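Take a look at the structure below.
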Number of protein chains: 2
Amino acid sequence: MIKTSADSRARLGWLITPHGTVETPVFMPVGSQATVKGVTPLQLKEIDIRMILANNYHLYLRPGIEIIRKMGGLHKFMDWDRVILTDSGGFQVFSLSRLRKIQEKGVKFQSHIDGSEHFLSPELAVELQEGLGADVIMALDICPSFQDKPEQVREATQRTHRWAERCLKAQKRSDQALFGIVQGGFNMDWRKESAAVLTSLDFPGYALGGLSLGEPREQTQKMIALTAPLLPENKPHYLMGVGSPEDILFGVEQGIDMFDSVLPTRVARNGGLYTLNGRINIRNARWKESAQPVDPTCGCYTCSHFSAAYLHHLFKAEELLAYTLATLHNLSFMYNFMKQVRQSISQGGFNCFKADFLAGYQSSDEQVRIAQKQKWLENWEQRENQK
Amino acid sequence: MIKTSADSRARLGWLITPHGTVETPVFMPVGSQATVKGVTPLQLKEIDIRMILANNYHLYLRPGIEIIRKMGGLHKFMDWDRVILTDSGGFQVFSLSRLRKIQEKGVKFQSHIDGSEHFLSPELAVELQEGLGADVIMALDICPSFQDKPEQVREATQRTHRWAERCLKAQKRSDQALFGIVQGGFNMDWRKESAAVLTSLDFPGYALGGLSLGEPREQTQKMIALTAPLLPENKPHYLMGVGSPEDILFGVEQGIDMFDSVLPTRVARNGGLYTLNGRINIRNARWKESAQPVDPTCGCYTCSHFSAAYLHHLFKAEELLAYTLATLHNLSFMYNFMKQVRQSISQGGFNCFKADFLAGYQSSDEQVRIAQKQKWLENWEQRENQK
């Protein structure tokens with residue numbers, strides 16, 4: 001079921017799964033190792049989070065898929081009876097592990113934990129994710145890096161297509177939705193081609209992969225704006241690894257339904273707290289004597305029970321509770337933000353909501369982003385010179 | 001109000017404070033820096049914990065007492081509307097800080113955080129604790145170390161008595177109970193003298209200090225057995241820094257009403273979990289595939305939702321949730337243990353309960369204790385040789 005916004009390409013939808021129905025657009029907190037860092041499943045439920053992400057790569061290496069299967073599957077293992085999506089591990093093999101060697105049959109890689117050697121194929125990625133038992137599972141893809149030459153990116157994209165087909169064929173369980181992942185680097189033609197090939201394979205859902213890797217925001221946005229409209233309208237669209245409230249608003253506007261990112265939980269553990277006026281750093285001395293909560297308009301456990309001064313103290317004292325309270329706040333912020341996004345679509349006022357939100361929200365990421373852009377351009381030049 | 005057990009010197013009592021009534025014997029979890037490490041106040045309440053301990057030394061150094069006072073006091077600052085006891089900081093000055101210099105007027109010490117110089121006097125210890133606003137506050141005492149010569153221990157004990165009197169005189173708030181602390185090292189005569197002098201000062205409650213510092217258990221027990229009966233029967237008796245279930249049972253038997261220790265929370269963060277059969281190490285490979293909870297008889301959040309295998313995984317993966325779940329379990333264990341202690345006293349069966357409990361409980365601390373005993377004896381010999 002899909003309902004399109006009256007004033008943009010933003011859309012409302014419902015993911016219907018064996019562990020409940022999830023309204024989209026949705027943001028999924030990340031729990032790579034079968035835990036959203038620093039919070040209990042009960043605390044996630046108290047925020048009303050319906051869907052989280054876990055990771056096949058991490059869980060394969062530790063504790064091992066077989067153990068989780070024996071424990072009754074991932075839902076039971078981590079005490080999460082709501083919806084789970086597992087990533088295939090493709091991205092992690094290409095970002096975390098060392099000495100990978102890609103062949104047509106699969107990829108050899110070294111564990112980032114102990115250096116041990118492993119092999120992952122499209123068939124194995126599906127088998128392992130069937131062992132975990134998530135509601136949505138992902139095809140194994142190849143995620144090109146900036147340093148790759150154009151012909152390498154093209155080859156990786158085409159291999160991703162062949163692997164996608166093999167994943168579909170390998171699937172045995174009928175109660176899991178297997179999503180395909182569109183690749184193609186930052187080349188518009190290859191992105192188009194990738195969307196076309198994957199669409200022809202008739203997956204129940206589609207993801208955009210290989211974006212938001214540190215490239216300039218304009219570049220990401222160009223690729224999203226180009227590719228999202230090519231995905232089948234009646235199926236969910238998932239933008240992997242995104243992200244910040246600003247980036248999510250852009251994605252929603254382009255018709256994206258699902259997002260995931262470590263951002264809200266990771267920045268929380270570094271003292272970065274979301275507010276409607278942008279991200280603040282609670283470690284900053286200006287919060288030392290602030291008797292107000294971080295966000296007086298926020299109803300989360302953290303803001304309804306503790307002052308900014310207390311959070312500041314916990315971070316300065318490096319107390320574990322700091323990470324829990326900050327994470328609870330940022331996840332609540334993201335939950336409320338997505339709820340407002342959905343409401344605005346439902347009421348035909350998404351564009352207004354977006355403009356209002358962005359007018360108030362000043363991202364403290366701006367400087368980080370400028371630095372990233374500079375680095376990306378250097379990489380790009382380096383790559384061009386290698387040609 | 002006190003009710004003595006029919007079959008031992010164990011007693012039931014009630015601490016009546018501005019933040020509620022606490023049944024004794026009670027074990028207080030430690031939250032030195034205004035947080036019980038790794039858990040929220042809400043989680044503590046869900047266990048039904050009524051009273052916790054915080055620390056004047058830690059909070060004086062960070063964030064500073066004045067900030068907490070401005071934030072409405074310690075209860076409001078840390079969102080704990082139940083009972084709080086603050087230690088004066090005497091023990092921490094003598095165990096954590098460097099370069100201390102004790103004079104009659106007070107003690108100079110260096111912060112263990114940044115090396116900055118500070119001064120604490122009996123009057124200041126009371127003033128600071130009045131700023132924090134705990135329900136029970138402690139007199140500033142001097143805690144002799146093993147290396148101290150007998151005349152130093154005697155001098156420290158006598159100075160502790162003079163400081164105790166100054167603390168009483170310095171007290172301005174009438175809504176806080178100021179407890180005196182009996183010292184005297186491991187000398188029976190000085191312990192007796194200390195109990196007599198402090199009792200004559202008419203504190204509303206009395207603590208035994210300077211015990212359980214790594215000396216052999218027999219030595220601690222001898223001092224407790226000797227001193228506890230000398231404390232006024234109609235006032236609470238508090239054994240500071242104790243401890244393990246076994247040591248608490250011994251204390252209760254000697255008529256002790258209050259206990260505190262970092263043990264259950266600290267060992268939890270290292271993967272040590274209490275069970276009725278003793279302490280287990282969840283990091284041990286034997287738990288890797290255990291689908292049962294750590295303690296199937298335990299009704300805590302951790303045991304009623306997660307397998308031992310999941311906890312094992314969280315510890316191996318160094319996930320923050322490991323520390324939270326382990327802490328919740330150990331604090332629940334201690335809560336239930338104390339509840340059973342109280343029930344057994346109420347029913348006149350404390351001795352039976354103690355024997356039954358100890359028969360099942362095999363402490364994995366045994367080896368640690370043997371090593372500690374050896375070390376203590378060496379220190380003792382060293383000290384004897386110095387005479």
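The values are calculated or read from the model by the stated rules, or taken from the named source; none is laboratory data. As the structure is a prediction and not an experimental result, all values here were calculated from the model. Here the Cβ positions follow ideal geometry from the backbone for every residue, glycine too, while neighbour counts run over all protein chains shown. Please note that ligands, DNA and RNA were not included when accessible areas were found on the heavy atoms of the full protein model with its side chains. Shrake-Rupley method; radii C 1.70, N 1.55, O 1.52, S 1.80 Å.
When you look at A:Ser290, is it hydroxyl-bearing (Ser, Thr, Tyr) and at pLDDT below 95, yes or no? So A:Ser290 fails the test.
When you go through A:Leu96, A:Leu61 one by one, which is the residue that is at pLDDT below 95 and either facing another protein chain (nearest Cβ under 10 Å) or open to solvent by 40 Å² or more (accessible area, probe 1.4 Å) (or both)? Only one candidate passes the filter, namely A:Leu96. Got at least one residue in the stretch A:35-53 being away from chain B (no Cβ under 14 Å), open to solvent by 30 Å² or more (accessible area, probe 1.4 Å), over 17 Å from the mean Cα position of the chain (by Cα) and more than 24 Å from B:Tyr301 (Cα to Cα)? No, because not a single residue in the stretch A:35-53 is away from chain B (no Cβ under 14 Å), open to solvent by 30 Å² or more (accessible area, probe 1.4 Å), over 17 Å from the mean Cα position of the chain (by Cα) and more than 24 Å from B:Tyr301 (Cα to Cα).
Looking at A:Arg162, is it touching a strand residue (DSSP E or B) at 6+ places or on another chain (Cβ under 9 Å), among the basic types (Lys, Arg) and in contact (Cβ under 8 Å) with a residue 24 or more places away in the chain?
Details: touching a strand residue (DSSP E or B) at 6+ places or on another chain (Cβ under 9 Å): no; among the basic types (Lys, Arg): yes; in contact (Cβ under 8 Å) with a residue 24 or more places away in the chain: yes.
Criteria not met by A:Arg162.
In the stretch B:195-207, the residues that are at positive phi never reach a residue that is among the hydroxyl-bearing types (Ser, Thr, Tyr) and modelled with pLDDT of 95 or more with C-beta atoms less than 6 angstrom apart, at least six apart or across chains. Selection over the stretch A:162-216 of residues that are within 24 Å of A:Lys149 (Cβ to Cβ), open to solvent by 10 Å² or more (accessible area, probe 1.4 Å) and part of a helix (DSSP H, G or I) gives a count of 8. The residues in the stretch A:327-341 that are more than 12 Å from A:Cys303 (Cα to Cα) and open to solvent by 10 Å² or more (accessible area, probe 1.4 Å) can be counted, and the count is 4. When B:Leu311 is tested against (1) within 14 Å of chain A (Cβ to nearest Cβ); (2) within 27 Å of B:Thr21 (Cα to Cα); (3) crowded, with 21+ Cβ neighbours inside 10 Å, exactly one condition is not met: (2). Please indicate, with yes or no, whether at least one residue in the stretch A:292-303 is charged (D, E, K, R), open to solvent by 80 Å² or more (accessible area, probe 1.4 Å) and on the phi < 0 side of the Ramachandran plot. No: the stretch A:292-303 contains no residue that is charged (D, E, K, R), open to solvent by 80 Å² or more (accessible area, probe 1.4 Å) and on the phi < 0 side of the Ramachandran plot.
Could you grab me the full set of residues in the stretch A:247-291 that are among the charged types (D, E, K, R) and open to solvent by 20 Å² or more (accessible area, probe 1.4 Å)?
Start the filter on the stretch A:247-291 by keeping residues that are among the charged types (D, E, K, R), which leaves A:247, A:253, A:257, A:260, A:266, A:269, A:279, A:283, A:286, A:288-289.
Those that are among the charged types (D, E, K, R) and open to solvent by 20 Å² or more (accessible area, probe 1.4 Å): A:Asp247, A:Glu253, A:Arg266, A:Arg269, A:Arg279, A:Arg283, A:Arg286, A:Lys288, A:Glu289.
Residue by residue, here is whether (1) within 19 Å of B:Asp260 (Cβ to Cβ); (2) touching a His at 6+ places or on another chain (Cβ under 9 Å); (3) surrounded by 15 or more Cβ atoms within 10 Å (Cβ to Cβ) holds:
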| site | (1), (2), (3) |
| --- | --- |
| B:Ser111 | no, yes, yes |
| B:Ala134 | yes, yes, yes |
| B:Cys143 | yes, no, yes |
| B:Gln147 | no, no, no |
| B:Val153 | no, no, yes |
